[in-house]
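The values are calculated or read from the model by the stated rules, or taken from the named source; none is laboratory data. Just so it is clear, the model here is predicted, and its values are computed rather than measured. Heads up, the Cβs are rebuilt from the backbone with ideal geometry, glycines too, and the neighbour counts pull from every protein chain shown. We work out accessible area using only protein heavy atoms, side chains counted, and drop any ligands, DNA or RNA first. Shrake-Rupley method; radii C 1.70, N 1.55, O 1.52, S 1.80 Å.
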Amino acid sequence: MVVDQSGPCTRVASMHDRSRETVMRPLKKYHEDDDIDYALEMCRWVLKPLGVWSLVYSRTSRWERTVSVVLLVTCFISLITIIVPVCCQIMLGDIGGKARIKWLGLACNSLLSAVKYTYLVLRRATLARCIEHMANDWRTVKNEQHRAIMVKQATFSRTLIMLCIAFIFCGGISFHVMLPLSRRRVVGNHTLKALAYPGFDRFFDVQSSPTYEILYCVQCFAGFVRHNVTTATFSLIVFFVTHICGQVQIQIMKLEELNFGRQGNNCDHDAVVAGIIQDHSELLRYAKIVGESFSEIIFMEIVASTFLICLVEYCCLTEWIDSNAIAITTYAVYMISLTFNALIFCYIGQILTDQCSQIGFASYDVDWYNLPATKARNFILLGIISLYPPRLTGSNVTELSLNTFTVILKSSMVYLNMLRTVTSL
């Protein structure tokens, strides 16, 4: 019998088809460096433009570290460039209450991005340790089925990150491109051009050329940095959580193999159970480090999502009254972006809790009742630990879950009604 070695099942898939490769052919030979690069690819894409990648990943050259310092300084300056004029416009500008509320959301969002950016830089050592722990898991995996689970989770994280990038930058592009067009006015023979961020007319003649074009490019770059910071924090959380879920699924598979006797007749039952418990304890410590690393960011995201959704809804209502179709479309797209981002953010926290709870059910499914009492007691620890799964919390005030998402939407509507009452909208 001749086997055709040129068939599709024997070809090595590209980096972007790695999940399909896992399904199509047995995974006998692979390079762990390629797997690590596949898992980290999306995070590297969003962190490199911010100059953070070289700070959290040790395997970078001196030239990359030098470029990252330049990018850090440039990005921080761009954020300050838009924060200061907007704040001056809110505090010192001769504007009405409705306009002040509109610009307040923009100022808070920009300031929050600067804070999160600073937080990522300050937490670089902890993030580097988490990434190195993940890389070690990829290097030590030997079972082909276990690696298939890890590849599947990496593919899932890439899908979520790409969805986040699409929604966030769609909202950002609409805000920086469509909104200035909606505010252009014709006065006499002159067209008054508008910018996405107000307050620059205090320092420059924004209507002159090329001043307007330069400021517009600066604001677009700052908007890219602002949205990329949000994407970066989201990407790291998704990446770490999906990796933890993959490790939990591997432990569940080990319990199932133990239950159905796939470990072999000569396996040391106690050693296998001890290894599962040890790996689970190490995974819980890793989950705790991840949760503590993003605790403050999670809290800021929950609070910011509540107020920003409220303010964008308020802007939609004001533009509806003014019959500005372009502005309504812009704010509607931005509101969808914020809502989807909050949903996925809370969904990730729900996934972590649900997955880590499953190991307790898996340990219960083992035929522990047919084992001697001294061996059956080994499964009690797994059952007890699974009752207290790790959770992503915001400064120990609130946790990420689907219930938190409903609270965000309800709170935003409450604050919207308060704004409408105060401003008589």
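Things to note:
- Exclusive hit being over 20 Å from Ile297 (Cβ atoms), crowded, with 16+ Cβ neighbours inside 10 Å and basic (Lys, Arg), set Lys102, Lys116: Lys102
- Out of Ser174, Ser209, Ser235, sole residue that is part of a loop (DSSP other than H, G, I, E, B) and among the small types (Gly, Ala, Ser): Ser209
- Gly199 in contact (Cβ under 8 Å) with a residue 24 or more places away in the chain, on the phi > 0 side of the Ramachandran plot and open to solvent by less than 70 Å² (accessible area, probe 1.4 Å): yes
- Residue that is nearest to Ile328 (Cα to Cα) [pool: residues in segment 278-312 that are over 18 Å from the mean Cα position of the chain (by Cα) and open to solvent by 30 Å² or more (accessible area, probe 1.4 Å)]: Phe307
- Count - residues of segment 153-179 that are closer than 19 Å to Pro49 by Cα, surrounded by fewer than 22 Cβ atoms within 10 Å (Cβ to Cβ) and of a type in the set (Gly, Ala, Ser): 1
- Summed over segment 103-155, residues that are under 21 Å from Asp33 (Cβ atoms) and in a helix (DSSP H, G or I) total 26.
- All helices (runs of 4 or more DSSP H) inside segment 315-425 with 2 or more residues being closer than 30 Å to Thr233 by Cβ: 325-365, 378-386, 402-423
- Across segment 53-70, the number of residues qualifying as surrounded by 13 or more Cβ atoms within 10 Å (Cβ to Cβ) and in a loop (DSSP other than H, G, I, E, B) comes to 2.
One line per residue, one yes/no per condition, for (1) open to solvent by less than 20 Å² (accessible area, probe 1.4 Å); (2) of a type outside the set (A, V, I, L, M, F, W, C); (3) under 21 Å from Val229 (Cβ atoms):
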| site | (1), (2), (3) |
| --- | --- |
| Leu317 | no, no, no |
| Asp322 | no, yes, no |
| Ala327 | yes, no, no |
| Tyr334 | no, yes, yes |
| Leu338 | no, no, yes |
| Ala342 | yes, no, yes |
| Cys346 | yes, no, yes |
| Gly349 | yes, yes, yes |
| Thr353 | yes, yes, no |
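- Flag for Arg129 being more than 15 Å from the chain's Cα centre (by Cα), over 19 Å from Ile250 (Cα atoms) and touching a residue at least 24 places away in the same chain (Cβ under 8 Å): yes
- Some residue of segment 10-18 being at pLDDT below 90, open to solvent by 70 Å² or more (accessible area, probe 1.4 Å), over 19 Å from Ile165 (Cβ atoms) and β-branched (Val, Ile, Thr): yes
- Of all residues in segment 181-193, those satisfying the criterion of being at pLDDT below 80 and either surrounded by 14 or more Cβ atoms within 10 Å (Cβ to Cβ) or acidic (Asp, Glu) (or both) are Ser182, Arg183.
- Of the residues making up segment 71-102, those that are small (Gly, Ala, Ser) and assigned to a helix (DSSP H, G or I) are Ser78, Gly97, Ala99.
- Of all residues in segment 403-425 being open to solvent by less than 70 Å² (accessible area, probe 1.4 Å) and among the polar types (S, T, N, Q), the one that is farthest from the chain's Cα centre (by Cα): Thr423
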